[in-house]
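**Q** The structure follows.
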Amino acid sequence: MSLHPLEGHQEARTAVAGAIARNRLPQALLLHGPPGIGKQRFALWVAQLLLCTESTADGPCGTCRDCRMALRVEHPDLHWYMPLRKPPSKGSRERDDEALEDARTARIEELRTKPLQPSHSDEPLGIHLGTARNLRRRASTGPAMARRQVFLIANAEELVAQDASPEAANALLKLLEEPPESTWFLLTSAEPGRLLATIRSRASSLHLSGLPEEQVARFVMERTDADEAEARKAARLASGAIGRALGFLPDGEDDGPLEELRKESFRLIRDALSPRSGDRFARALSYRPSGARGLRELLTAMEVWLRDLSAAASAPDAVLNHDAADWLVRSARERNLHPVELARGLDLVQEARAQAAGNVNPQLLLAGLLMGLHRTLVSDRSASHTPVGTP
Ligand SMILES: [Zn+2]
């Protein structure tokens, strides 16, 4: 099994290939941009380019031994780290670190056999202290086969949110500050604002953008079983992110994970607009009282609905949720929704997302958010629109 070819990101490719050709690529690079747009795939391409023995100004040759091994994610000097669920403790630090390394190996094996996976996770994952220790040990040994070694650290913001200890971050910081010779670190993050400032300041940033909708649709049609209608719908909802488009495709008989979230977030928005406050409380109470971090993607999905309501009010062609276009236009018209209030609503959702990263009660978080949205979008407005003197 080999990785699919890198799609899009032509400008960034040219910039990186040029820098490598001039021997000027910073040893710590932070690739950031929206979720699912292929940051890890791009980083793997950069890694392949750094390892390739026949590279050109266009990129890696694709055929030398290093390229072939990199494309199978089997190159001994390509080290891919990603957030993982923490394995149960084995009783000693050494054995815990080994368990984390085993979990990482298993995850890479999974990605080798099924490289096209939706960018989505429904459980809190972290880059744990033991992983940072393993990485540091590995980095100190130097390249095994090629003239360079490359460490890909995916979703690097997850390094800070776990273990309640700055040690994991510090172990990595030291490496980024003085990278060992012939060693490159490629960090990816969809939320660079959540990275430690010290990490952010040590890495050179490269922004990656989404792909054109048409390109995402074509990719999905060529590389998955989806038919054209499914591919186009997924590409529309994915806003230029192949990894997100994959999550909107059916998963066997079931909805894909992002399609499920889309439907669930629709119910939340509908309840926020409902005249019955009981709907909001019942909805909030239907969630578990712990695990707010799991809500982050749901809240992102709510933002899309609010943007769509805003589009429905002003430019219905821009609506992403095509299948709900009628409902969106009708709701926007009936409630006289205005882009200014909807923008305030978006702020509320973003605040809730920030809170969800901490240890808050999801029921309280959602109840507060739904009430806040109702107040902003419906009740405050009808009050302020009531002529003075009316009872
Ligand atoms: Zn090559």
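Rule-based calculations on the coordinates, nothing more; no lab input. Keep in mind that this is a model prediction, so the values were computed, not measured. Please note: Cβ atoms are built from the backbone with ideal geometry, for glycine as well, and neighbour counts cover all protein chains shown.
**Q** 5 Å is the cut-off here: which amide hydrogens, built 1.01 Å from N in the peptide plane, fall below it relative to residue 152, excluding neighbours closer than 5 in sequence?
**A** 79, 80, 81, 186
**Q** Which of the helices in the chain meet the span-like rule: DSSP H, Cα axial reach of 27 Å or more, Kyte-Doolittle mean at least -0.5?
**A** Values: long enough: 93-113 (30 Å, -1.64); 296-314 (28 Å, 0.31).
What comes out of the filter, once short or polar helices are dropped, is 296-314.
**Q** Using DSSP loop states and a limit of at most 14 other Cβ atoms within 10 Å to flag GluC sites (Glu not before Pro), what is the longest stretch of the chain containing no flagged site? Mind dumping the intermediate values first?
**A** Details: sites that count: 54, 74, 181, 253.
No qualifying site falls inside 254-391, the longest such stretch.
**Q** Lysine pairs in the chain 8 or more apart or on different chains: how many have alpha carbons under 27 angstrom apart?
**A** The result is 10.
**Q** Measuring from centroid to centroid over Cα atoms, what is the spacing of segment 74-139 and segment 5-48 in Å?
**A** 22 Å
**Q** Oh, and also: If I take all pairs of Cα atoms in the chain, what percentage of them are more than 40 Å from each other? Could the numbers behind the result be given before it?
**A** Working: 16860 of 76245 pairs.
When all Cα pairs of the chain are counted, 22 percent exceed 40 Å.
**Q** Enumerate the amide H contacts of residue 28 below 5 Å, restricted to partners 5 or more residues apart or on another chain; note that Pro and chain-start residues carry no placed amide H.
**A** Residues meeting the criterion, in which the H sits 1.01 Å from N, are 185, 204.
**Q** Another question, if that's okay. Identify the trypsin sites (Lys or Arg not before Pro) of segment 73-158 meeting these criteria: DSSP loop state and at most 14 other C-beta atoms within 10 Å of the C-beta. The partial results should precede the final answer.
**A** Working: sites: 85, 90, 93, 95, 104, 107, 112, 133, 136, 137, 138, 147, 148; in loops: 85, 90, 147, 148.
Within segment 73-158, the qualifying trypsin sites (Lys or Arg not before Pro) (loop, at most 14 other Cβ atoms within 10 Å) are 85, 90, 147.
**Q** Under 5 Å between amide H atoms, partner at least 5 residues away or on a different chain: which partners does residue 361 have, H built in plane at 1.01 Å?
**A** Close amide H contacts, sequence-distant or interchain: none at all.
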